[in-house]
1. What is the Cα centroid distance between segment 220-267 and segment 112-136, reported in whole angstrom?
2. Rounded to whole Hz and in sequence order, give me ³J(HN,Hα) for segment 116-127 from the Karplus expression 6.51 cos²θ - 1.76 cosθ + 1.60, θ = phi - 60°, writing x for Gly and Pro.
3. Each residue of segment 164-178 in order: what ³J(HN,Hα) in whole Hz does its phi give by Karplus 6.51 cos²θ - 1.76 cosθ + 1.60, θ = phi - 60°, with x for Gly and Pro?
4. Around F275, which amide H atoms from residues at least 5 apart in sequence, or from another chain, sit under 5 Å from its own amide H, with H modelled in the peptide plane?
5. Using modelled backbone amide H atoms (1.01 Å from N, in-plane), which distant-in-sequence or interchain residues come within less than 5 Å of Q259's amide H?
6. Fewest to most neighbouring Cβ within 10 Å: what's the order for S114, S242?
7. Could you put V99, V291 in order, starting from the residue whose Cβ has the fewest other Cβ atoms within 10 Å?
8. At a 10 Å Cβ-Cβ cut-off, how would you order F178, F124, F300, fewest neighbours first?
Amino acid sequence: MQTASMQSTNLDDFQLELGSSSEIALAIALFVMMLSVALSLVPVDFKKVLEKPRPYFAGVIGQIIGLPLLTYIICLIVNPHPTLALGMLIVACCPGGTVSNLISMIGKANVALSVSMTATSSLFAAFCTPVTILFWTSLYGPTAELLQTVDFSVWQFLKQTFVLLAVPLTIGMSFRHFFPEIARKISKPLSLVAFLLLMVIIVAGLQKYWRDFLEMGAFVIGLAIVHNILAFILGYLMGVISGADRASKRALTIEIGIQNSGLAIVILLTALAGFGGAAAIIGVWGTWHIVAGLVLISIFRWQDRRIQNV
């Protein structure tokens, strides 16, 4: 299912190359991002899930197994260009984004459940994310063949991604243990610094390649939007299956639908070949899931007003 406009962009040859200095900056941004997440992790975030474990474990399964599986099925049905499939699989294998906690709070979802899931997925990201990316990209034939066309080393990828994710998590959690007050004060500023640095690099890349991205056309945008909407639906269904209450269903919907697309783009550009199609779909996902989250907030608020008026 390929369009003529997509073919004209020569996605097979289009690779995102930001330069060595930008790649170093991306690695630093990821390091600071994961460090800030680790600085905010506290044991109480994990203890809260013991009160109602079923929604929590349903969410973890949905995020770690369900979303990549759903993405794999979408790729089998739609048969997108291999670089697009690569981007979809990478973002599906990444942990939840921290912005999901804010959206959960504004949307009157179960914030404790949302924070617990974000903390868990972030903690295990160093171990799960690189392995799941390798598994699903190797399982889907076109992406497996795509990675064989570049100088890609499985062990180098595992080692590099593990260092990028595990080292800052270890440092951050250790610092939080010994200096809890300082960690609490600097975690948000560090997160803001990482976000701003990441945005500067991404904007610079978009400025350089914006014509190529525009030529990819509506198919890429539509594919990313449909993929994200199905992720939100999966989260809701996991809530239904686990017998979660309304607030927990909302949290699961948001948590599985909001992925760490910033991490996805960093992994693509620092540990994998920077395929332009993959970067484009991750970029669209990262923009759209915020828009979709705001739409969900509006729907949730409307539901609340309707219930109050009954």
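1. Taking the Cα centre of each part, segment 220-267 and segment 112-136 sit 14 Å apart.
2. 4, 5, 4, 4, 5, 5, 5, 5, 8, 4, 4, 9
3. In residue order, the calculated couplings are 4, 9, 6, 4, x, 5, 5, 4, x, 5, 5, 5, 4, 5, 8 Hz.
4. L16
5. Those lying under 5 Å, H to H, from Q259 are G97.
6. Listing S114, S242 from fewest to most nearby Cβ atoms yields S242, S114.
7. V291, V99
8. F178, F124, F300
No lab work stands behind these numbers, since they all come straight from the coordinates. What you see is a predicted model, and the numbers here were worked out from it, not measured in a lab. Neighbour counts run over all protein chains shown; Cβ positions are idealised from the backbone, glycine included.
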